[in-house]
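Heads up: the structure comes next, in structure tokens.
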């Protein structure tokens, strides 16, 4: 089977995490050849994998131009590569794919009412309009695809309600051999920041800055925690910098940076900056509790990473967090700084609860497998290809034009 994997939209965070874990599994398969379409700056990372060829087509960084390129040029590239199946990995699919199409839909912002309200409250009219347009195209893409796959049951259900089309839930995976493999030390600057907080309570939040990850609720919880922990120190590590130019996308971080100053928590908030994916496991091991205040999610890879790293989790009360963590986390109302503070203290003050959450998390992390994810993805592709071939046979008997496969 020849798969064409369109990852033209992969730029950061979950999109690249997906490729970095799925491509090695596809490469190891003896029954699959893969052609990968990805931005030029990521080609070298995937260039030397067996059974994987990387397209040299230039891809625009402008979303509208990229979408038009995909709709107009991608069908020719798919046929030229001799592909049997298209996997569209960027939430948007081809309106007229020449081969059966699997759409990977994983952006919860296109269906989140909280995100729309958040943008309006921030005066982000341009981003709101952009999200409305992308939401429309993402939902239309579900209708164009032969099969849509979402990374969680909760998000699949939301897509089904919005699109009125069936959506398959297929959890993303976790590969400890890849995640924990790199022993290259962190930069001296990051290492010093982590070491300086050894004597206090250390919280971790892994994310670049964006609105839906709800940094503001976490920041409002920090002075509450600090005051209740005294004289013990508190440090909250962020794997980003609260400066817009150092984060992908158009979300503006200046208001969050100003909140840090206004609340008087500059000492407690430690901005580590962006950490390479293969080194981030070293950051987890320096921390005591993982926190996730996000109000919208479709899977949340850092939750699985935290569980596998032996960290108890405090997470916002959203269905995806419940599905992924199950009993490995305790939960708070997603916009409640007081609730977040209470849950952190609950873990900090109860070694028994901490031990229970860590044990549950280690067991839960083992249930996520990239190998199983890819196996099921290939199974879906095989079924679609078989159905297409059977359809062509029926069409041929009836004297109808054949679909190119």
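No value in this document is a laboratory result; all are computed from the given coordinates. It should be emphasised that the depicted structure is a prediction, and the values quoted were computed from it without experimental measurement. Cβ coordinates were reconstructed from backbone atoms using ideal geometry, including for glycine residues, and neighbour counts include every protein chain displayed.
Think of it as helices only: each DSSP H run of n ≥ 4 in the chain is worth -39500 (n - 2.57), and spread over all residues that comes to -14500 deg cm²/dmol at 222 nm.
Shown for 340, 68, 37, 16: other C-beta atoms within 10 Å of each C-beta, ranked fewest to most, produce the order 68, 16, 37, 340. Springs join every pair of Cα atoms under 10 Å in this Gaussian network model of the chain, and among 117, 220, 243 the largest mean-square fluctuation is at 117.
Using the Cβ-Cβ distance between residue 117 and residue 245 with R0 set to 25 Å, the FRET efficiency from 1/(1 + (r/R0)^6) comes to roughly 0.40.
Among 298, 266, the order by Cβ neighbours within 10 angstrom, fewest to most, reads 266, 298. For the chain, the longest principal axis of the alpha carbon atoms and the long axis of helix 153-163 meet at an angle near 60°. When 128, 370 are sorted by how many other C-beta atoms sit within 10 angstrom of their C-beta, beginning with the fewest, the order is 128, 370.
For the range 177-365, taking Cα atoms only, Rg and Dmax work out to 15.3, 43 Å respectively.
Between residue 56 and residue 16, the contour length at 0.36 nm per residue exceeds the alpha carbon distance by 12.6 nm.
Shape descriptor for the range 306-357: Rg over Rh equals 0.95 (Cα atoms; Rh from the Kirkwood inverse mean 1/r).
The modelled label-to-label distance for the pair residue 345/residue 375, using points 7 Å beyond Cα in the direction of Cβ, is 4.7 nm.
Taking the longest Cα principal axis of the chain as reference, the axis of helix 125-144 is set at about 40 degrees. Note on the chain: with a GNM built from Cα contacts shorter than 10 Å, the maximum mean-square fluctuation among 391, 273, 339 falls on 391.
Summarising the overall dimensions of the range 116-260 from its C-alpha atoms, the Rg and Dmax are 19.9, 59 angstrom.
Of 209, 290, 277, the residue with the greatest mean-square motion in the GNM of the chain, using alpha carbon springs below 10 Å, is 277. Relative to the longest principal Cα axis of the chain, at what angle does helix 63-80 sit, 0 to 90 degrees, rounded to 10? Here the helix axis deviates by roughly 40 degrees. With both labels modelled 7 Å from their Cα along Cα-to-Cβ, the residue 133 to residue 80 distance reads 2.7 nm. Here the ratio of the Cα radius of gyration of the chain to 2.2 N^0.38 Å is 1.03. Each of residue 363 and residue 73 was given a label point 7 Å from its Cα along the Cα-to-Cβ line. The distance between the two points is 5.2 nm. Computed from the C-alpha gyration tensor, the three semi-axes of the ellipsoid equivalent to the range 254-347 are 21, 18, 13 Å, from longest to shortest.
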